[in-house]
Structures are given as structure tokens and as C-alpha cells.
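Input: a single structure, listed below in C-alpha cells.
The values are calculated or read from the model by the stated rules, or taken from the named source; none is laboratory data. Model, not experiment: these values are computed from the prediction. Glycine also receives a Cβ, built like all others from the backbone with ideal geometry; neighbour counts cover every protein chain displayed. All accessible areas refer to the heavy atoms of the entire protein, side chains included, with ligands and DNA or RNA removed. Shrake-Rupley method; radii C 1.70, N 1.55, O 1.52, S 1.80 Å.
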Amino acid sequence: MFLQSQEGIAKTNTADSKTVPDKPNIVLLVADDMGWGDLCSYGHPTQECGEIDKMAVEGMRFLQWYSADSLCSPSRAALLTGRLPVRVGIWGGERLFLTTSTGGLPKNETTIAEALKEAGYATGMVGKWHLGINEFSPDDGSHLPHHHGFDFVGTNIPFTNHWACDESKIHMDSPEPMLCFKYWNSTLVQQPFRHDNLTASFLQDSVAFIHNNKDRPFFFYFSFAHMHTDMFSAPRFRQTSRRGRYGDGLREMDWAVGEVLTTLVSLQIQHRTLVIFLSDHGGHLEICTEGGSNGILKGGKASTWDGGLRVPGIAWWPGVVAPGQVSHDLVSSMDVFQTAVELAGVTPPDDRIYDGKSLVPILLKTSAAPTSKSTPSPRTLFHYCSDRLMAVRHGEYKAHFYSMELPGVDYTQACPSGVPTEDYYASFDCYDTETVTHHNPPLLFNIDTDPGERYPLAINEHAGTLFEILLEKLKHEINMVPGKSQCEEQSETVQPCCNPPSCTCNYEAP
């Protein structure tokens, strides 16, 4: 199924004589629902600077990193497979997996973990999965991570940290067990789960994995429960941020990132470890102070405006990635797959279309200072909502063929003093004729000069650009074969439940 490259990646980058180790470790740190403007290093005015920002100083900060989707399940499927969610089959239904979904990430898809195992890598993960749980019964675990190449699976949340998991009593009296459960590998250990030591448990398992595999190449996927609502943080981080509860949670996540990097340095393996930090998609604007910041970008989670898709992305690799780099390259989360297989010296299955490109040439750049006018990227990205192609990014231009309604100016009425009273979206259904607008001709923006997508360009003055975009769109659609939808089928019989009928338990040591 896989071919092992004879030579892998060159050991030396001749441009600057940097040594690039064969089969480096790869650590993927993924935040949940964190917006493009949430970090100090991305311009947030009150969020405290921390370890993630230090990563940016010591490595490369990407300004045009795009997720493949604006919701959790499809964006994560694309990240792990290097393929658009519509190809993989993560579309339809509610656009993501529910606790009662019988589908999951198809087993014929190849994940980063599966690809790197063929090169002798140890593979592990902790944290949020959200790519399916059970297929036939409440505990068959047919879609869990160990079926997708992860040999070690520590503390994990197979669904998500949900609004209904609130322990603060701000939104509800008590958590809903049917939506809030925690696993160790494939075993349900706590329902509903507790937040106080959640991140610490993820971290403890992460550090143990790194120590246990320090002498061999490894791939590790640390998928945070932060910053998805409901807001939470361990007691030591509460009321420590000027930004409030959201800032407290971000500081806890930031601490965990720093501990992972410190572990790598203490074991003296940082020079053979590429660490990438990113968010799965943009922030959820409708829930106000609990939804994060997308900065100057328009829209947010669930939409194909840039606020839903453009995310912070940072690469850290001491001795290989030059410090202080700022990249204006147009890149995608799907590029992580191709980057990983190139570095590992593996050729993935050639019977499918991949939508990502290797980031290795970008990572090996050495100019720390961005140019005054970056060269427009010729790359084209296709932005879907379920199986509907909504927008196309081509170089510095973006054309919207369909757009989703934005939160109205009065949407904050649902957030007295900034605290949301309900978990909702202004627009979610990709085919809702009341909230989705068809544009013919498409809305066209220059994202370089108008990153907020506020000023549509005159189509008659950009006929050549529109022709290029339409040509790219046509070529893409001709070759698009959607995978069988995995998000439509539901059954109450697969609902995880540790202790029927109450579905409450705590099998962890006190």
C-alpha cells in the first residue's frame, strides 16, 4: 500500500547548509474553535503573550493558513488525510458527527498516523477526536482513533467539549451526560467528564508518550478541548487573564503547549522534531465572549467567509526553521499530510487525489523579514459547505459563488454583558435559501488589499481574473467525486452510555 522512498528528504538544504534530519518527529498541536485573532502574536490587544507566541518568535508564523472546512469533523478529517472533506465523505446531515452517528472517518482513507507507521514511526494522540465513535452498539468503538493508525491513544474525548458540558452553572444547572464523556483509549471512563484536570490529563499522557518514544521517530497528535464552548480552565488559571474566562482557558492551553516544548528540549530532541500549532477553524462569533476573535476577518465558524476558515498557524523546529519568520504563503491544513509523508520518506497511496502540498520548501526559507509586497501565490483553494462549493480562493483573489448570512448587528442581544444565553449560528444549513445567497456573477474580493472581504470588486474590471477562477473551478468540479456521506445516518442504539440507564460514571481514581 505504501512505498518507502529510497532517500527521503535531503539531509542538507544547500541554500543555507541547514541539516534536516531523516525521519524527524512530528508533533501536531490543534486548538478547537480558536479564531485567527485570538493570540497576542496575531494582534489580540488584551490576550496575554505566552508560550504559543514564543513559538512564533522562535519559528515561523503563517498569516494565510486556511482550514479545509469551518466545522470540527470535516476540518479534522481533511487535516489527517490531506483531502477535502467532500472527497472523504464528511458531509451531509448535520455536517459533522453527533453522538448518535453511525458513520465515521472511512477506514479506506489513509491518515498521517497510518502513513508514518509504514516508515517505522510510533504514533499517538490525546484529546478531541470527533471523527466518529460507534457503528452498531454503544461500545463497539468502530470509528475510534486506534482504527486509524494511532497505536497509543491516551485520555480522549471522542465527541467534543459541548455547550451542554458546562460545570460552571452559567448556562445550565448540570452537564448533560449524553453529550459529555471521556475515554481512555477505547474505554469510557467518565460520564459526564470533569474539566478541572482535563488538560493536565492530556498533557500527562503526551509527556509520557514522548519520553517512551524519544529514541525513535514518532508522530503525536495533541488535540485540545480548548477553545470550544463551554469555557473552562483548571482552578490555577481562573481569573488570571485580563480577557476573562476565554483568556483563562487560552492561558491553560498555552501552558500545556509550553510543557510539550519544554519536554522536547529537556530530552534534547527538539532539533529533530517539527511542531505545528494551528486551530481547526475560526471562532464562533454568535456566542460573543465565549466564541473567540477572528480579528479583522469577516464571519466565523460554520461559514466560508475568511473568519470561518483562516486560522493561526505556527511551525517550530529549532535549527531547521529559522526563527522570526513570517510567511505570507497561501497554505492549507491539508498540507500537513504531504509535509509529514515527505519528511518521513513515504509515498502515500496513489489511487486517490490529494488536495494538500508539502510545506517543506516554505519551512526551509531563511528570510526573517517579510518583503514590503509579497508575491501573490498562484495557488487555488476550494471552500465547501457540506458538498456545495461556496467559494474559490485563487492567488490573492477570492470569489464567493454562495455566501452565508452573517450575525446581525443586534446578535449581541443574546449575550447580556457579553455572556451568551444560547448556542446558535446565524447560518448553518448550506442549502437554506433564507440564509444562503447565490451570487451570479460571484462576489470578488482582493484578499491582500481587503482581508476583511468588505469591498467587492467590479467584475467588468477584473474579467481576466474571473475567467481564471472559473477555469480553475471547472477543472476542479470535473475531477470531483464526492465520497459517500458519513454524517447522515443516526441511531440511538450507538449512543455511548457507561452505566445504563443513568449513563453516569467515574471510573478514574479519585
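Observations on the structure shown:
- Approximate spin-label separation ARG238-ASP173, in nm, with each point projected 7 Å along Cα-to-Cβ: 2.1 nm
- Accessible surface computed residue by residue for segment 25-364, with neighbouring protein chains in place and a 1.4 Å probe, gives 27 Å² per residue.
- Under the Karplus curve 6.51 cos²θ - 1.76 cosθ + 1.60, θ = phi - 60°, whole-Hz ³J(HN,Hα) for segment 273-281, x wherever Gly or Pro sits: 9, 8, 10, 10, 10, 7, 9, 6, 5
- Each peptide in 166-176, 267-277 was scored by the mean count of other Cβ atoms within 10 Å over its residues; highest first, the order is 267-277, 166-176.
- Among the listed pairs LYS357/LYS475; LYS301/LYS473; LYS54/LYS365, those with a Cα-Cα distance over 21 Å are LYS301/LYS473.
- Whole-percent carbon and sulfur share, accessible surface of the chain, 1.4 Å: 52 percent
- Answer label, with volume of the Cα convex hull per residue in Å³ calculated from the coordinates and candidates [x] 185; [y] 146; [z] 219: [y]
- Mean separation of Cα contacts under 8 Å (6+ apart) over length of segment 228-360, as relative contact order %: 16 percent
- Averaging the sequence gap over all C-alpha pairs within less than 8 Å and six or more residues apart, then dividing by the number of residues, gives the chain a relative contact order of 25 percent.
- Here the calculated FRET efficiency for SER266 and LYS107, from their Cβ-Cβ distance with R0 = 41 Å, stands at 0.65, rounded to the nearest 0.05.
- Cα centre as origin, Lys/Arg/Asp/Glu Cβ charges: segment 380-479 dipole, Debye: 320 debye
- The residues of segment 380-479 expose on average 51 square angstrom of accessible surface per residue, using a 1.4 Å probe on protein heavy atoms.
- Rounded to the nearest 20, the size of the Cβ-charge dipole of segment 25-364 about its Cα centre is 440 debye, with Lys and Arg at +1 and Asp and Glu at -1.
- Estimated FRET transfer efficiency when R0 is 30 angstrom, pair GLU489-HIS146 (beta carbons, to 0.05): 0.85
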